[in-house]
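The numbers here are math on the coordinates, done by the rules we state, and not lab data. Note that the structure is a prediction, hence the values are computed from the model and not measured. Please note: Cβ atoms are built from the backbone with ideal geometry, for glycine as well, and neighbour counts cover all protein chains shown.
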Amino acid sequence: MASGSNRILDEFAKLMTDAAGTAQSVRQEFETAFRSQAERVLNTMDVVKREEFEAVRDMAIKARDENERLLKRIEALEGKLASSTTATGTTATGTTDKIG
């Protein structure tokens with residue numbers, strides 16, 4: 001009787017192993033089908049990939065920093081121009097101011 005129940009348990013264990021293998025292959029097949037379908041949907045929606053987004057974001061950050069640097073430079077040049085025109089008594093158009 002012991003050998004009979006051992007054989008039943010062995011068969012049951014084999015059946016469970018086969019079922020687990022089948023379930024895993026079904027899961028992998030489902031994941032593959034889901035990924036391909038999701039990729040197809042995203043392609044039709046014209047969604048940007050993460051790498052492309054990060055590259056454009058980095059470019060925008062650099063451009064903003066450059067704009068801030070240039071703005072400071074313009075303000076400094078305008079300050080120099082304003083101080084030099086008041087010191088010489090000329091306006092920005094190059095004419096001399098007449099005081100009273």
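Quick notes on this structure:
- Alpha-carbon Debye profile of the chain, log10 I(q)/I(0) at 0.11, 0.12, 0.14, 0.22 Å⁻¹: -0.74, -0.77, -0.85, -1.10
- Enclosed volume per residue, in Å³, of the convex hull spanned by Cα atoms of segment 1-47: 35 Å³
- Rounded tilt (10° steps) of 2-44 against the dominant C-alpha axis of the chain: 30 degrees
- Crossing angle, helix 50-88 versus the chain [Cα axis fit, 0-90 degrees, rounded to tens]: 10 degrees
- Summing Cβ point charges (Lys, Arg +1; Asp, Glu -1) relative to the Cα centre of the chain gives a dipole of roughly 340 debye.
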